[in-house]
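Notes for the one structure printed next.
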């Protein structure tokens, strides 16, 4: 018999018929979302914000009256090698990937939030106006309390999101955020929504709502609760047992029930019942629905999982957690997260206990503090740890699996902890390479790719290329050709960054053989051809992309520059105007504006060209391509003194420097001036 309770998993839209106890909050949230440009839903960790959004508010929206995006998240993690998305904000890329899961990740990597929303076909109501566009971002604290590694990208993301709310005025944005992080979003409220905004705080379930959440989900099953059985279970959930300062055990009954506890206990009750039991009695509650036993089971499973994941003995984890988070009087204690450790244990361990709902954290004065998720956990933790008292540190050691190391490495990378991520990924490779099957080889390849990402993000290009090359060989051995192509593309982009377009060309050509219709690889191949001085070939490749995707931002931007280099000024101007209309943020790049200025100068509009070029040079004073175009504009204007100055600056530039064929053009311009 299927379990109607979700346990620690949040409810989603498919569980709406089993989501009880939140009718009032569901209506309130849906109404606020419909009538405001911005709604901030906030509450403590584990209070049910995700469930309320997905299973409560979303089903109450009239689908024929709204344009609805899937619930999104913005976390700095990617399924693609880092070089293939390096020019894109990782928070934006994550959000767009979750809003549009069917789109190619590489296709999303060149878009801003505004680009994505404006390019979507708008849904219209019968009078022809755009329907309101409903978008939600869950767990928004991942943006606001980003580590220092991702801080600049997080700040840029907030600016980008604010711009999107202005570019798409019919956007209705809902942000779900943990209560301890809500203060960080308040400075952005006005820029996100002006006055059309609202906040909603989500509280724990009251006694009546908790009973409804217990009884409601069994309505479509053969089972039912007898008499006061559900009330008995809720009374137990409301009872907190702690010790006072004298060490005396005291039981206190509250008026609140935390949804995560209710779901854990009810799921355990359901699984424990005999298969033929149809009426759930108070005796069943005592036998199978004991709150302390259910929470003890959650704690036991969590410790076993994390002991394997972090290669740490169980007894050491138990001792650390009890001594750090339970006082000698049996009350909750708090522990501060240091630079690398929390009370002597790596920070990743504390964060993992938080993910499993054993700990919770809050930020105070810029620091993270941990405590047990609830007072109700004190007694189960102590009881579970009692048999381990006095155990040696060797007891309970479990050999971690490669997949455990991989999961830890990915979590550490998302947190910006490159050192831990590299350590876990390296151990993953070693563990996986001891295996002999294709799954082990694939995991090793994934870990090597992750190590390549870490090296690339730290600008260690040689190490990144070595790791990607190892991953290519391993993926090829299991015929994972799509992964091979993406990694070849990543290596090609590294070669372009090193100003080695001939080697980049080889990588992109190899990648295109595996993914012949991939536009992002075609564009990269076009860029490599362009930087080798093969302008006609580059133009053909960009043309091939624009035939199938006429509004592709990167293809338009690159073709604009190539056409200007070819002297096809009229076509370059037409491409620029189209780019500026469709993708204004991409058109604002200094190199694109410089190419536009050259096209204007070549068309005889010198004054306008010089104004635009001066602005581009001011914004990118050490860009070789920008300075070279500036010299070409000065040449068309007949200003030989300025040509010489600009050419010399271009030859000496470093951000970026000139490619070989550009260097040759610059030297050719300088030659007659030195006679």
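Values for this structure:
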quantity: Condition check for residue 562: part of a helix (DSSP H, G or I), modelled with pLDDT under 95 and either within 22 Å of residue 497 (Cβ to Cβ) or touching a strand residue (DSSP E or B) at 6+ places or on another chain (Cβ under 8 Å) (or both); calculated: no
quantity: Any pair with Cβ under 9 angstrom, 6 or more apart, that starts in segment 217-232 at a residue that is free of Cβ contacts under 8 Å to residues at least 40 places away in the same chain and ends at one that is assigned to a loop (DSSP other than H, G, I, E, B); calculated: 219/4; 219/20
quantity: Some residue of segment 425-444 being modelled with pLDDT under 80, within 24 Å of residue 316 (Cβ to Cβ) and in a helix (DSSP H, G or I); calculated: no
quantity: Residue check, residue 186 over 20 Å from residue 50 (Cβ atoms) and touching a strand residue (DSSP E or B) at 6+ places or on another chain (Cβ under 8 Å); calculated: no
quantity: Exclusive hit being crowded, with 20+ Cβ neighbours inside 10 Å and touching a helix residue (DSSP H, G or I) at 6+ places or on another chain (Cβ under 9 Å), set 70, 76, 59; calculated: 76
quantity: Qualifying residue in segment 595-612 (condition: within 27 Å of residue 494 (Cβ to Cβ) and part of a helix (DSSP H, G or I)); calculated: yes
quantity: Residue under evaluation residue 459, criteria (1) within 24 Å of residue 108 (Cα to Cα); (2) outside any helix (DSSP H, G or I); (3) touching a residue at least 60 places away in the same chain (Cβ under 8 Å), criterion not met; calculated: (3)
quantity: Test: residue in segment 111-119 that is surrounded by 16 or more Cβ atoms within 10 Å (Cβ to Cβ) and part of a loop (DSSP other than H, G, I, E, B); calculated: yes
quantity: Count of residues meeting criterion [crowded, with 20+ Cβ neighbours inside 10 Å and closer than 16 Å to residue 552 by Cβ] in segment 566-601; calculated: 6
quantity: Helices (runs of 4 or more DSSP H) completely within segment 127-210 that count 2 or more residues being closer than 16 Å to residue 38 by Cα; calculated: 151-167, 182-185, 189-193
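A quick yes/no check of all residues on (1) modelled with pLDDT of 90 or more; (2) farther than 26 Å from residue 410 by Cβ:
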residue	(1), (2)
308	no, no
312	no, no
319	yes, yes
322	yes, yes
327	no, yes
330	no, yes
335	no, no
341	no, no
345	no, no
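Results for (1) surrounded by fewer than 14 Cβ atoms within 10 Å (Cβ to Cβ); (2) at negative phi; (3) modelled with pLDDT of 90 or more; (4) not assigned by TED's automatic domain parsing to the domain that holds residue 155, shown as yes or no for each residue.
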residue: 189; (1), (2), (3), (4): no, yes, yes, no
residue: 213; (1), (2), (3), (4): no, yes, yes, yes
residue: 231; (1), (2), (3), (4): no, yes, yes, yes
residue: 237; (1), (2), (3), (4): no, yes, no, yes
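Table: residues versus (1) surrounded by fewer than 17 Cβ atoms within 10 Å (Cβ to Cβ); (2) in contact with a helix residue (DSSP H, G or I) (Cβ under 8 Å, 6 or more places away or on another chain); (3) under 28 Å from residue 262 (Cα atoms); (4) free of Cβ contacts under 8 Å to residues at least 60 places away in the same chain.
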position	(1), (2), (3), (4)
301	yes, no, yes, yes
334	yes, yes, yes, yes
341	yes, yes, no, yes
345	no, yes, no, yes
349	no, yes, yes, yes
358	no, yes, yes, no
362	yes, yes, yes, no
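The values are calculated or read from the model by the stated rules, or taken from the named source; none is laboratory data. Every value quoted in this text rests on a predicted model; they were computed, and no experiment measured them. All Cβ positions, even for glycine, are placed from backbone atoms using ideal geometry, and neighbour counts span all protein chains on display.
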